[in-house]
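Q: Got a structure here, written out as structure tokens. Questions coming.
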Amino acid sequence: MSGRRQVALAVVLSILLLLAASALASLAAIELVRLLDPRMGRDLAGVIIGAMNNAFIALATFELALGTGVVRAASFAGGGDGLGALVRKTFTRFVSVVCIALTLEGLIMVVRYSPVELGRYLLYALALLLGIGALLLGLAVLLNRAHAAALRARRRTLRPNPEAGRALTG
């Protein structure tokens, strides 16, 4: 696929993700506005929790949309050195937002099911929180390995070539 097609595909994907993020943010706002209607008869905590979940998903989608467009534009512009750092930064922000959203979901499950005699649902919250820990550990390993690879590549480019010195003297 040519470079221009890749950029066009990235722009279309970014626009779709931005539209999805806008829709989710609008859904969160609508949920909060519906809370003001006394005829709805819904509990305050449930509506606020639902709106927060939608807002965090919208934020994660927005981060992914911006990252997709920026990374593709940078790769097309030929920014090869900073591209790896840009991808790592974008991916880290996206995973961080997802982890925050999942952590809130797990804590909401704990608060919701602990007073009631539904202890079996607490296992789902525990599994969710353990999964978040594994995701963060995987992110740390990925960033460590990517940083080590970038350092090795930088050392290779800075290392003097001993063959070139012999050719000049001999």
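The values are calculated or read from the model by the stated rules, or taken from the named source; none is laboratory data. Here the structure is a predicted model, which means the values were calculated and not measured. Quick reminder, even Gly has a Cβ in these numbers, built from the backbone with ideal geometry, and neighbours come from all protein chains shown.
Q: Where residues in the stretch 1-52 are of a type in the set (Lys, Arg) and closer than 30 Å to GLY106 by Cβ, which of them is modelled with the lowest pLDDT?
A: ARG42
Q: May I pose another question? May I ask you to list pairs of residues, at least six apart or on different chains, whose Cβ atoms are under 8 Å apart, with the first in the stretch 114-137 being surrounded by 11 or more Cβ atoms within 10 Å (Cβ to Cβ) and modelled with pLDDT of 85 or more and the second being assigned to a helix (DSSP H, G or I) and of a type in the set (Asp, Glu)?
A: Close Cβ pairs (under 8 Å, with a partner that is assigned to a helix (DSSP H, G or I) and of a type in the set (Asp, Glu)) amount to LEU128/GLU105.
Q: Looking at (1) in contact with a helix residue (DSSP H, G or I) (Cβ under 7 Å, 6 or more places away or on another chain); (2) more than 17 Å from THR90 (Cα to Cα), which one does LEU135 not meet, given that it meets all the others?
A: (2)
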